Every structure is written in C-alpha cells, then in structure tokens.
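Scroll down for the structure; my scribbles are underneath it.
The values are calculated or read from the model by the stated rules, or taken from the named source; none is laboratory data. Keep in mind that what you see is a predicted model, and the values were worked out from it rather than measured. Cβ atoms come from the backbone with ideal geometry, glycine included; neighbour counts cover every protein chain shown. Side chains are part of the model used for accessible areas, which takes the heavy atoms of the whole protein and leaves out ligands, DNA and RNA. Shrake-Rupley method; radii C 1.70, N 1.55, O 1.52, S 1.80 Å.
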Amino acid sequence: MEIYEVLYYPHALLKKNCSPVTKFTDQFREFLKNLIATAYEFHGGGIAAPQVGVSKRVFVCDFESIFQDKESIPKEPDDFLVFDDKGNSMEIKFPMIFVNPEILETEKPISTDWEGCLSFPDAPSFEISRFHKITVRAQNEFGEFFTVKTRHLYAAVNFQHEIDHLNGITMINHWPKKDYIEKDIVGFIQDFIENPEHRKKIKKLKLVKATKIKFDFL
Ligand SMILES: [Zn+2]
C-alpha cells in the first residue's frame, strides 16, 4: 500500500478538466486502493484523482462513520440507494469508487453550508450552495455501471464536491468573491505546508508522487 502526496491549491492540476478512464487495468485498481488509503490517512470523506495529480475522472468516498453517527446528519431508511444497471437494488459497501461519474438528476432543496477539502488544509471555508438530492451514474473499478440515488445531505454534497474536482473546479470557485482574498487562502495553506509537525508526518509516511508514475491507464 502506498500513500500519495496530496496536491494543494493553487496547483495547476487542480484546475484541469480530467479525461475519462477507458482502461480498467490491474494497475488502475492498485491506484484506487492507494487513493482510498490516502483519503483515510488524511481523514478525508472523499478524494478525487486530480487531488493526487492524476487527471482522470475518478473519485472515492467513505461515509460509513457519518451514516452511523445518529446525531450529526442521521441516515434514514432509503436515503441512500444503490442500483445496478438493470435497476436491481445493490448492497451498499464502503469505500465506494466512482469512475466516469455523471450526474443524472439534481433536485431541490438547495442547502448552503461550508465544506472541507484535502487540497485546502487549514484554510478558512465559506458557504457553498448544493442540491440536497442527487442521482449519479458511474462505473466501478471493473467498468461495471451502477447508479446511486441519495437524499442524504452529506453524500449529496460530497458527490457534487468531488465531481467538481473532475471538472477542474474547487471550493474557491463557489465562494462569494466578497468573502475572501485569494492570497490569504494560499497563505493559510502555505503555513500548513511549512508547519514542522506536518513536515514530520509527511517524512514519516514516505509519500509517493503519483504525478511521476507512468500508469498504464492514463
Ligand atoms: Zn476537495
């Protein structure tokens, strides 16, 4: 298992539109395992491939602990459903992998809240408006299609946030211009990078630069 280096805003690869995955190779599945391990290591509910410098339309997520937390945003029966391509209901298993995700449907209400992002460590965050209900169709690590329909706010927001990443859009593109100064945001992130505690952790983890790897699925 390898942990990838996470790219921080304003890295150019975070602003690029990602290309679809067409080769579902063993190396692709190995990459996904490492991407999931990277999200867990840095305590992210989700992470998109461009956040480790791989410009492909892929993200992974895990809401299991959030779904079990009855106090924050309780999960109600039927508010997170997964179907195969024939419309048969599927068992929900985390972590979930979304390859070439497409938003099929969004539905109001719109909720406005702040969000976190592994590419914006220690930076202040501002409110973003998102649809409360969303249906996403995607492929799994083998290229098989599935559909997720959710009205669970955390999941719906996460899907919109991660799919934004695949289109080169980050939180800052949504924030009201009057709320922040970009230079300050970059400054907070830079302070985080230079923090001795963070440096020590990074050194210990022996992070792998995914940008330097010639993956066979690119
Ligand atoms: Zn993010």
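Could you count how many Lys pairs in the range 106-190 have their Cα atoms under 27 Å apart, skipping same-chain pairs fewer than 8 positions apart?
Counting lysine pairs in the range 106-190 gives 6.
Taking all protein chains together and a probe of 1.4 Å, list Tyr154, Tyr8 from the most accessible to the least accessible.
Most to least solvent-accessible, the answer reads Tyr154, Tyr8.
When the solvent-accessible surface of protein heavy atoms is calculated with a 1.4 angstrom probe, in what order do Ser72, Ser55, Ser19 fall, highest first?
Descending order: Ser72, Ser19, Ser55.
Residues in the range 112-127, backbone N under 14 Å from the label point at His43 (7 Å along the Cα-to-beta-carbon vector): list them, ranges by number please.
Under 14 Å, as judged by backbone N against the label point of His43, lie 116-118, 121-123 of the range 112-127.
I want the local charge near Val157. Using Cβ-Cβ distances under 13 Å, sum +1 for each Lys or Arg and -1 for each Asp or Glu among the other residues.
So the environment of Val157 carries a net charge of -2.
Mind checking the dipole of the range 107-218: about its Cα centre, +1 per Lys or Arg Cβ, -1 per Asp or Glu Cβ, Debye to the nearest 20?
About 380 debye.
For the range 9-14, in order, what is each residue's ³J(HN,Hα) by Karplus, 6.51 cos²θ - 1.76 cosθ + 1.60 with θ = phi - 60°, in whole Hz (x at glycine and Pro)?
After applying 6.51 cos²θ - 1.76 cosθ + 1.60, I find 4, x, 3, 4, 5, 7 Hz.
To the nearest 10 Å², what's Tyr40's accessible area with a 1.4 Å probe?
Roughly 110 Å² of Tyr40 is accessible to a 1.4 Å probe.
About the Cα centre of the chain, how large is the charge dipole given +1 on each Lys and Arg Cβ and -1 on each Asp and Glu Cβ? Please answer in debye to the nearest 20.
Here the size comes out at about 760 debye.
So if each residue of separation counts as 0.36 nm, and I subtract the Cα-Cα distance between Thr106 and Asp26, what length gain in nm does that give?
Gain in length upon complete extension: 25.5 nm.
Take the Cα of Met1, step 7 Å along the line toward its Cβ, and report every residue of the range 56-83 whose backbone nitrogen sits under 17 Å from that point.
60-65
Between Lys133 and Asp69, how high is the FRET efficiency from 1/(1 + (r/R0)^6) when r is the Cβ-Cβ distance and R₀ = 22 Å? Nearest 0.05.
0.60
All other residues with a Cβ under 13 Å from the Cβ of Thr135 taken together, and with Lys, Arg as +1 and Asp, Glu as -1, what is their net charge?
Every neighbour counted, the sum reads 0.
Roll a 1.4 Å probe over the protein chains and send me the accessible area per residue for the range 69-145 in Å².
60 Å²
Please state the relative contact order of the chain as a whole percent: Cα pairs under 8 Å, 6+ residues apart?
Once divided by the residue count of the chain, the mean separation gives 28 percent.
Share of the chain's accessible area from carbon and sulfur, percent, 1.4 Å?
52 percent
Sorting Asp84, Asp26, Asp164 by accessible area (1.4 Å probe), largest first, what list results?
Of Asp84, Asp26, Asp164, the descending order of accessible area is Asp26, Asp84, Asp164.
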